[in-house]
Amino acid sequence: MELVTAKQIADSIVDAIGPACSRAHVAGSIRRQKPEVKDIEIVAIVNDYDDLYKRLAPFGRFIKPGVPDIID
């Protein structure tokens, strides 16, 4: 997808998960301002994992730390 679209999505995710984290930042190709983005990477220091997963649920599938599969 285009950088502008990916950045909007990433920023909305960071805003949504903010209360569950002490820090959360957009990373990867969006941070590097690549014109085409294949995935959205966010790096965070999480305070409450249960809250984080609830806040991520509306955004679709994601990778849970320590689990090899994608969470639906």
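The values are calculated or read from the model by the stated rules, or taken from the named source; none is laboratory data. Every value quoted in this text rests on a predicted model; they were computed, and no experiment measured them. So basically every Cβ, Gly included, is an ideal-geometry build from the backbone, and we count neighbours across all protein chains shown. Heads up: the accessible areas ignore ligands, DNA and RNA and are worked out on the full protein's heavy atoms, side chains in. Shrake-Rupley method; radii C 1.70, N 1.55, O 1.52, S 1.80 Å.
Before moving on, here are some points about what is shown:
- Subset of region 12-48 [in a loop (DSSP other than H, G, I, E, B) and out of contact with any Asp or Glu (no Cβ under 8 Å at 6 or more places or on another chain)]: Arg32, Gln33, Lys34, Lys38, Asp39, Ile40, Asn47, Asp48
- Residue in region 13-37 that is farthest from Phe62 (Cα to Cα), counting only those that are free of Cβ contacts under 8 Å to residues at least 24 places away in the same chain and open to solvent by 50 Å² or more (accessible area, probe 1.4 Å): Arg32
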